[in-house]
1. If I filter the stretch 101-134 down to residues being more than 16 Å from PHE179 (Cβ to Cβ) and among the charged types (D, E, K, R), which single residue comes out as surrounded by the most Cβ atoms within 10 Å (Cβ to Cβ)?
2. Determine the pairs where a residue that is touching a residue at least 12 places away in the same chain (Cβ under 8 Å) and under 15 Å from TYR45 (Cα atoms), located within the stretch 86-113, has a partner that is surrounded by fewer than 20 Cβ atoms within 10 Å (Cβ to Cβ) and not hydrophobic (A, V, I, L, M, F, W, C) with Cβ atoms under 6 Å apart, the partner being 6 or more residues away or on another chain.
3. When you go through ILE167, ILE148 one by one, which is the residue that is touching a Phe, Trp or Tyr at 6+ places or on another chain (Cβ under 7 Å) and surrounded by 13 or more Cβ atoms within 10 Å (Cβ to Cβ)?
4. Could you list, ordered by first residue, the pairs with Cβ atoms under 7 Å in which the first is in the stretch 178-192 and within 17 Å of LYS36 (Cα to Cα) and the second is modelled with pLDDT of 95 or more and β-branched (Val, Ile, Thr), at least 6 apart or interchain?
5. Given (1) at pLDDT 80 or above; (2) under 22 Å from GLY130 (Cβ atoms), identify the lone condition not met by GLY98.
6. Restricting to the stretch 221-246, what's the tally of residues that are of a type outside the set (D, E, K, R) and not in a helix (DSSP H, G or I)?
7. One residue is enough: does the stretch 117-129 have a residue meeting the conditions of a type in the set (S, T, N, Q), farther than 24 Å from VAL160 by Cβ and either at pLDDT below 90 or within 17 Å of the chain's Cα centre (by Cα) (or both)?
8. For the stretch 169-185, enumerate the residues that are over 13 Å from ALA123 (Cβ atoms) and within 12 Å of the chain's Cα centre (by Cα).
Amino acid sequence: MINEIHLGPFTVHMYGIMVAIGYMSALVISEWRARKRGMDADILYGIFWCAVLGGALGSKCLFYLVSIKDVLERPAMLLDFQNGWVVYGGIAGGVLAGFWYCRYKKVIFMEYLDLVLPAVAFAQGCGRIGCFFAGCCYGRETDAAIGIQYWQSQLAPNGVKLIPTQIYSSIGDFALAFFLMAYAKKQPALGKVSAVYCILYSVGRFVIEMFRNDYRGALGFLSTSQIISIVILALGISLYVYAGKRQPAN
């Protein structure tokens with residue numbers, strides 16, 4: 001896989017391109033759904049930019065946290081803004097920033113969270129394709145026919161067949177996005193779309209972590225992301241039960 005495309009004096013990274021496509025796709029999908037629901041698009045734009053900044057900060061902070069030993073040994077990592085991003089940190093940072101903005105604008109946060117999370121799942125699918133090109137988030141070695149090999153990656157092992165965990169994650173994220181949009185059409189109770197996102201994404205992420213082989217922090221036999229997945233699953237189930245006691249959204 002080729003991550004760097006050289007255009008004269010410029011170098012374009014496929015990872016960055018796919019992340020940008022993911023962000024813009026999320027905005028377009030969310031705006032389209034907001035207008036169909038008669039929701040304020042201006043509020044959505046504000047949430048979007050707050051989420052972008054909060055997500056970047058959260059993603060980077062969680063990476064530093066799980067890689068604290070490496071950071072202490074090589075403080076120069078703090079200045080590396082090309083590599084070292086953790087999805088769960090980005091989700092948490094984006095949600096908190098969006099929550100703050102909704103409080104500031106005095107609008108119902110959960111309405112907008114239900115609106116944007118299907119688009120977030122779509123954006124994650126795009127981002128995982130970027131991971132595939134970059135070679136990060138790679139899988140364990142395999143002899144299966146579906147294995148992939150890198151030859152020029154600076155992140156993944158080169159010359160060995162690996163489980164394409166990035167592609168599996170991407171397919172799962174896209175499927176989750178379309179499922180949530182279909183589910184939202186049934187007008188479930190406020191918060192249930194967000195709850196279903198938390199439940200399905202956390203389960204999928206927990207499973208895919210079993211097949212990954214890149215370093216991402218661990219506590220005992222569980223990776224950092226698996227531990228967070230358990231917490232998110234519990235939150236999702238709790239939210240789903242609580243939302244079920246409310247009236248369906250109109």
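1. Taking the stretch 101-134 as the starting set, the residues that turn out to be more than 16 Å from PHE179 (Cβ to Cβ) are 101-113, 126-134.
Among the residues that remain, those that are also among the charged types (D, E, K, R) are: 103, 105-106, 111, 128.
Details: ARG103: 10, LYS105: 14, LYS106: 6, GLU111: 18, ARG128: 25.
Taking the candidates together, the pick is ARG128.
2. Hits for this filter: TYR101/GLY46.
3. Details: ILE148 fails: touching a Phe, Trp or Tyr at 6+ places or on another chain (Cβ under 7 Å).
Exactly one of ILE167, ILE148 is touching a Phe, Trp or Tyr at 6+ places or on another chain (Cβ under 7 Å) and surrounded by 13 or more Cβ atoms within 10 Å (Cβ to Cβ), namely ILE167.
4. LEU180/VAL193; LEU180/VAL196; TYR183/VAL193; TYR183/VAL196; ALA184/VAL193
5. For GLY98, the failing item is (2).
6. If we filter the stretch 221-246 for residues that are of a type outside the set (D, E, K, R), which is where we start, we get 221-244.
Right, trim to not in a helix (DSSP H, G or I) and you get 221-223, 244.
So the answer is 4.
7. Residues of the stretch 117-129 of a type in the set (S, T, N, Q): 124.
Next cut, farther than 24 Å from VAL160 by Cβ only: 124.
Imposing the further condition that a residue be either at pLDDT below 90 or within 17 Å of the chain's Cα centre (by Cα) (or both) reduces the set to 124.
Within the stretch 117-129 (the criterion being of a type in the set (S, T, N, Q), farther than 24 Å from VAL160 by Cβ and either at pLDDT below 90 or within 17 Å of the chain's Cα centre (by Cα) (or both)), the answer is yes, since at least one residue qualifies.
8. Going residue by residue through the stretch 169-185, those that are over 13 Å from ALA123 (Cβ atoms) are 171-172, 175, 178-179, 181-185.
Residue satisfying the conditions is GLY172 alone.
The values are calculated or read from the model by the stated rules, or taken from the named source; none is laboratory data. For clarity, every value in this text was computed on a predicted model and none was experimentally measured. Note: ideal-geometry Cβ built from the backbone for every residue, glycine included; neighbour counts use all protein chains shown.
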